[in-house]
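Participant: Sharing a structure here in structure tokens format.
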Amino acid sequence: IKRQTVDTIQSGWALVRRNLDRIYILALNMLTFSKDRQPKIETAQLNKIVEDVIALVQSRADEHSVMLLTDLEEMPAIPLDPDGMHQVAHNIILNAIEAAPPKSGRVNISTKYQPKDARVTLSIGDNGPGIPSDERDRIFDAFHSSKGQGGTGLGLAAARKIVGELNGAIEVESVVGEGTTFHIKLPAVHVRLADS
């Protein structure tokens, strides 16, 4: 700072910011997984939450040269836990970015409103290596990670817990060598919560 070497300051700050983000996500996932939480339900726009998450993770996608492609269907505001859904979308989109191959990676993020079923679906897919069928049952287990030292195994466990608290479900489609898609399905109308 004294030498006013702005380039060094900027690159150093980017590193600090990236690690602060990781610490924040880890702490949030640990809190979500380890304690009972009551969702704070309010009427909110799912697409707005998804757009906010995309803006947050865009720099990570840029670092990996991964394209984020969106197709957000117009839909009404629905009752959900905005902070919880932000965490769910953040965890799964980050996983997709990390799974996608650098330089040629794609993450497809879409929302769909199904009024007849009173349901909305957030789908997040990547063109990564896919998940072998014998691993699929374990991906939501706490502390199970396919990233070695790079993962905590809490992101998907926390996401499933939050979605379950909202009486929703997460479904996984995966083809080895082609990629993985997570479908987060939520009720579009107010329902009695899982713990109520």
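The values are calculated or read from the model by the stated rules, or taken from the named source; none is laboratory data. Small disclaimer: the values here were computed from a predicted structure and weren't measured. For neighbour counting, all protein chains shown are included, and Cβ atoms are generated from backbone atoms with ideal geometry for every residue, glycine included. Note: accessible area is taken over every heavy atom of the protein model, side chains too, but ligands, DNA and RNA are not part of it. Shrake-Rupley method; radii C 1.70, N 1.55, O 1.52, S 1.80 Å.
Participant: So which residues in region 38-73 are among the basic types (Lys, Arg) and open to solvent by 50 Å² or more (accessible area, probe 1.4 Å), if there are any at all?
Facilitator: Lys40, Lys48
Participant: Looking only at region 85-108, which residues are over 16 Å from Ser59 (Cβ atoms) and among the β-branched types (Val, Ile, Thr)?
Facilitator: Selection gives Val88, Ile92.
Participant: What are the residues in region 52-100 that are over 22 Å from Ala158 (Cβ atoms) and of a type in the set (Asp, Glu), if any?
Facilitator: Asp62, Glu63, Asp71, Glu73, Glu74
Participant: For residues in region 57-113 being in a strand (DSSP E or B) and modelled with pLDDT under 95, which is nearest to Gln38 (Cα to Cα)?
Facilitator: Of everything passing the filter in region 57-113, Leu80 is nearest to Gln38 (Cα to Cα).
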